[in-house]
Structure formats: structure tokens, C-alpha cells
Amino acid sequence: MLSKRILTPMLMVMAALLLPVATSAQTTKAGPGHYPNKPIRLIVPFTPGGTNDVLARMIATHLTATLGESVIVDNRSGGEGLIGTEIAVKARPDGYTLLLVSSAYVMNPAVRKLPFDSLKALDFIAKLGASFIVLSVGPSMPVNSVKDLLAVAKNKPGDIVLSTSGGFQYFASALFTSLSKHDFNIVLYKGAVPAMIDVIGGQVHTTFAVSVPALPHLRSGKLKGLAVGTLKRTELLPDIPTLDEAGVKGYEASNSYAIATAAGTPTAIVMKLHDEISRYFKMPEVQKQVTAMGAVIDLKTPDEMRKIIPAEIAKWTKVAIDARMPREAN
């Protein structure tokens with residue numbers, strides 16, 4: 001039988017040998033293979049209730065159920081999405097802070113001095129889809145096509161009022177005036193809905209109505225849809241041509257939605273989230289729900305997003321320059 005004096009040193013040696021194994025196991029548990037092991041925050045850089053918010057809450061509910069950890073939606077509005085975006089950009093790149101990104105992300109660099117590099121600040125997990133816009137007039141406006149509207153604008157340069165809110169809608173309106181080569185009087189409103197309501201009421205002539213709030217009015221006849229801003233016709237309004245079809249060649253503007261996280265997040269975590277979110281948006285019941293909102297699912301991978309983001313930033317920067325949009329110094 002071994003004496004206690006011999007046994008004690010042997011146990012100490014065995015404990016020392018086992019310690020690195022235990023430490024390694026703990027490290028592995030905290031890594032991508034065991035992600036997540038604590039709650040995840042999903043930042044929406046806009047106020048509750050909009051399409052961004054609805055999509056985020058759908059994703060949060062699904063990921064909470066499938067990943068086994070709570071996903072908490074955190075609305076941080078302000079600065080056309082800049083406030084919430086900056087929080088996500090500065091977060092630890094570990095996949096525990098996600099961001100719902102809209103087209104504001106690729107438009108802000110054109111008119112703002114940003115505290116981060118939009119080309120490098122985020123790792124994109126997936127593009128989800130987009131809501132489209134419809135060039136619309138009120139029922140009292142005596143035009144029934146884009147050709148009719150442009151003829152009126154040609155005869156009365158600068159007199160036709162195009163109502164718009166800031167951000168995406170403003171950029172979409174500026175792109176239209178640039179590509180159509182017609183002079184419209186763009187009037188800024190505090191929101192897309194007030195801009196649309198004044199068109200319905202006949203106070204202004206036309207607007208780029210956002211699909212989600214506009215669909216009921218387009219279907220009831222309170223709004224006349226002249227053309228959609230997508231390059232392909234939408235199944236939601238199959239009889240309305242695209243602006244490209246209607247003669248404004250190359251026009252494409254839709255408010256895209258994507259999920260991103262801080263740059264430098266492990267690829268395994270990014271792909272785990274991508275696969276789970278993509279699987280969710282391929283479900284027929286989810287596609288039906290998104291379509292009912294007036295949005296279109298358009299899934300893209302992280303690799304595809306790495307090509308899309310620079311191209312979009314370049315596109316909207318040119319639009320801002322051509323439209324002589326003022327650049328903020330914030």
C-alpha cells in the first residue's frame with residue numbers, strides 16, 4: 001500500500017495535468033461551437049411599429065425558440081438609424097449584439113460624416129428582403145401612366161409637387177428626377193404616411209408611396225399606382241408596370257432589410273445565424289406573413305452582401321451628388 005506521503009504528491013501531479021484540459025473545455029464552451037450561451041440583443045435603429053421592427057420581432061421569436069437563449073429587441077431610434085447602428089458597430093464582435101439594417105445604412109454615407117467606415121464596420125449575416133415603393137397619384141389627378149405624369153411635368157417644370165419623407169424616400173425621389181430628366185418640386189414631410197395622405201386628399205400631386213402602408217389605398221382606389229420601383233413587377237400588384245418598363249430606364253429603389261453584427265465576429269457564428277434565419281424565411285407560413293405586410297423576401301448570403309453593400313453605397317452617393325443634397329457635418 002502506498003503511503004500518504006507518496007500518494008499526495010501523485011494526486012497533485014495528476015491535478016496539474018488535468019487542469020489545462022478543464023480550462024480548454026471551458027474555453028470551447030464559450031466559443032462558436034456552444035453559441036449562444038447567454039441572451040442576444042437585436043437592435044432596431046428605428047421606432048417600434050414599422051417594418052424594421054416587425055421583422056426584428058419575428059426573428060427574435062424564432063431564434064429564441066430554436067437557439068435556446070432569449071433574443072431581446074432593443075429599439076434605438078434617431079439620426080436616420082445612425083444611433084442604433086453605432087451601438088452595434090462598437091459592440092464586442094461575439095454575435096451577442098445583432099442589428100436590423102435598412103437601406104439607410106448605404107444612404108447615410110452620402111449625406112453624413114459617420115463615426116465608422118460603412119464598408120468595414122459590420123459583418124452581414126443575411127439580407128432578408130425589401131419593401132417596394134409605388135409612384136402614385138391621387139384619384140383627382142388626371143394622369144393614368146408615368147408617361148402622362150412626365151408630360152405634365154414637362155409642360156409645368158417645377159410645378160408638380162412630389163411629396164416625400166426624408167431618408168430612403170427622399171433618395172428614391174431624387175433618383176426619379178435624375179433618371180427621368182424632369183424637374184419636380186420635392187417637398188419634405190415628417191413621415192411617409194403624411195406625404196401619402198396629402199396625395200390622397202389632393203393637396204399635392206404625387207409621391208413614392210411605401211408598399212406597407214400604401215397597399216390598402218392602392219387596392220381601394222384612393223391611390224392610383226403608376227409604376228413600382230423594383231426592376232421586376234411585384235406579385236402584390238401584378239398589373240402595375242415597373243418604372244424601367246414605363247420609360248425611366250434603370251430605375252430601381254427598394255427599402256432593403258438585413259441582419260448584421262459587428263465586424264470581426266467568428267465566421268462560425270455568422271453562418272450559424274445565417275442558416276437559421278434563412279431556414280425561417282423559407283417557411284411558407286413566414287413567406288405568407290411577410291407578403292401580407294407588403295414586403296418581398298429576397299435572401300442573400302454573407303458573401304453576396306459583401307458585394308452588394310459597396311455597390312449600393314456608390315449608387316446612392318452618386319444620387320446625392322447629382323441631386324446636390326446637402327451634406328451634414330455631424
- Message: Please verify whether VAL319 is out of contact with any Pro (no Cβ under 6 Å at 6 or more places or on another chain) and not in a helix (DSSP H, G or I), treating the condition exactly as stated.
- Response: no
- Does SER211 satisfy the condition of being out of contact with any Leu (no Cβ under 9 Å at 6 or more places or on another chain) and among the hydroxyl-bearing types (Ser, Thr, Tyr)? no
- Message: So, in the stretch 45-63, how many residues would count as being buried (at least 16 other Cβ atoms within 10 Å of the Cβ) and assigned to a helix (DSSP H, G or I)?
- Response: 12
- Please find, within the stretch 245-265, the residue that is nearest to ILE43 (Cα to Cα) out of those that are surrounded by fewer than 16 Cβ atoms within 10 Å (Cβ to Cβ) and more than 19 Å from the chain's Cα centre (by Cα). GLY264
- Item | Which numbered condition ALA192 misses (of (1) at pLDDT below 95; (2) surrounded by fewer than 17 Cβ atoms within 10 Å (Cβ to Cβ); (3) within 18 Å of the chain's Cα centre (by Cα)) | (2)
- Message: Please list, ordered by residue number, the helices (runs of 4 or more DSSP H) wholly in the stretch 98-185 having 1 or more residues that are over 26 Å from ILE269 (Cβ atoms) and within 24 Å of the chain's Cα centre (by Cα).
- Response: 104-111, 168-180
- Query: Do you know which of the residues in the stretch 77-86 that are touching a strand residue (DSSP E or B) at 6+ places or on another chain (Cβ under 8 Å) and at pLDDT 95 or above is nearest to VAL111 (Cα to Cα)?
  - Reply: THR85
- Task: Kindly establish whether ILE269 is among the hydrophobic types (A, V, I, L, M, F, W, C) and within 23 Å of VAL106 (Cα to Cα).
- Result: no
- Considering the stretch 195-212, residues that are within 17 Å of the chain's Cα centre (by Cα) and part of a helix (DSSP H, G or I), and then whichever is surrounded by the most Cβ atoms within 10 Å (Cβ to Cβ), we arrive at SER211
- Could you tell me which residue of the stretch 64-96 is farthest from ARG112 (Cα to Cα), considering only residues that are without any contact (Cβ under 8 Å) to a residue 40 or more places away in the chain and charged (D, E, K, R)? GLU69
- Query: Among (1) within 15 Å of ILE313 (Cα to Cα); (2) surrounded by fewer than 24 Cβ atoms within 10 Å (Cβ to Cβ), which single condition is PHE171 missing?
  - Reply: (2)
- Test LYS232 against the criterion of being assigned to a helix (DSSP H, G or I) and not aliphatic (A, V, I, L, M), and give yes or no. no
- Task: For the stretch 247-259, indicate whether the set of residues that are assigned by TED's automatic domain parsing to the domain that holds PRO93 and in a helix (DSSP H, G or I) is non-empty.
- Result: no
- Query: Considering only residues of the stretch 45-62 that are touching a Leu at 6+ places or on another chain (Cβ under 8 Å) and touching a residue at least 60 places away in the same chain (Cβ under 8 Å), which is farthest from LEU114 (Cα to Cα)?
  - Reply: ILE59
- Query: Does at least one position in the stretch 234-246 carry a residue that is within 27 Å of LYS318 (Cα to Cα), touching a residue at least 12 places away in the same chain (Cβ under 8 Å) and in the same structural domain as VAL71 (by TED's automatic domain parsing)?
  - Reply: no
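The values are calculated or read from the model by the stated rules, or taken from the named source; none is laboratory data. These numbers come from a predicted model, not from an experiment. When we count neighbours, we look across all protein chains shown, and the Cβ atoms used for this are built from the backbone with ideal geometry, even at glycine.
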